[in-house]
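Encoded as structure tokens, the structure appears first; notes follow it.
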Amino acid sequence: MLGRIIFVVYVEVVYQQSGFSEMKIYRRVFYIIIILAGAAAFVAMSIGPVYRDWAFICEKTGSRKGNREWFMGLKTEHWYKESKLEGFMKTNYPDDLSYRWVSYEGTGRNIFGVAVLRGHGRPELIHLPYKVLNRYVENVDDKEKRRLYDVFSSGDVQRVRDEVTGIWEKVLDMLKTETERLDLYDSQ
């Protein structure tokens, strides 16, 4: 109501003082409204998240996937990293293979790419980098791979935690140099 009164008063004053036609005044007001709406949208997008980067890990196989989700619901930049354990299960036990995807990253970013929202889970397998799991699975026999899948599938947090610790110890013992060890941390 107040905005309408201000608008009418503005139009009357400008109309009487400037000699502009009423159409030109309405056009000028329309442009002002567009500029204000654009400024408000810019401020909102710099404060709140415009997109969110999601990442998930399969608690049963150690595979990872993710995408970018925009504020309007559009999903882009899909990616998928199949673990060696998942590849083994697909090849040898396809009927037994199932997934349990858990989010481990959900970072919301504004138009400048600055993180303004965080939502990260902490599944147990996140403590086991992708390269470490794959290095371990490459070096064990099929029976051990199946056992590993069964342990991860059990959902028993303590068993999974103990298994992750054991895998770390075995993989670090396999590596001969510090450079090889550091290479395991390059990327998830």
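Read-outs: derived from the displayed coordinates by stated rules, not from any lab. Small disclaimer: the values here were computed from a predicted structure and weren't measured. Cβ placement follows ideal geometry from the backbone for every residue including glycine, while neighbour counts extend to all protein chains displayed.
Please list, or write none, the lysines whose alpha carbon is within less than 24 Å of the alpha carbon of LYS170, excluding same-chain residues fewer than 8 places away.
Qualifying lysines at Cα under 24 Å: LYS60, LYS81, LYS84, LYS131, LYS143, LYS145.
Please report the net charge: other residues with Cβ closer than 15 Å to the Cβ of THR165, K and R +1, D and E -1.
Computed value for this residue: -3.
How large is log10 I(q)/I(0) at q = 0.12, 0.18, 0.20, 0.25 Å⁻¹ when the Debye formula is applied to the Cα atoms of segment 49-139, each weighted equally and without solvent?
-0.44, -0.82, -0.94, -1.20
Under a 5 Å amide H to amide H cut-off, with H placed in plane at 1.01 Å, what residues pair with GLU105 once short-range neighbours are removed?
Close amide H contacts, sequence-distant or interchain: ALA55, GLY121.
Obtain the nm distance between the two label points defined at PHE42 and ASP96 by a simple spin-label model: each point lies 7 Å from its Cα along the Cα-to-C-beta direction.
In this crude spin-label approximation the distance works out to 6.0 nm.
Given segment 41-97 reduced to its alpha-carbon atoms as identical point scatterers, what log10 I(q)/I(0) does the Debye formula return at q = 0.26 Å⁻¹?
-0.97
Sticking with the crude label model, points 7 Å out along Cα→Cβ, report the distance from ARG28 to LEU74 in nm, one decimal please.
Result for the modelled spin labels: 3.7 nm.
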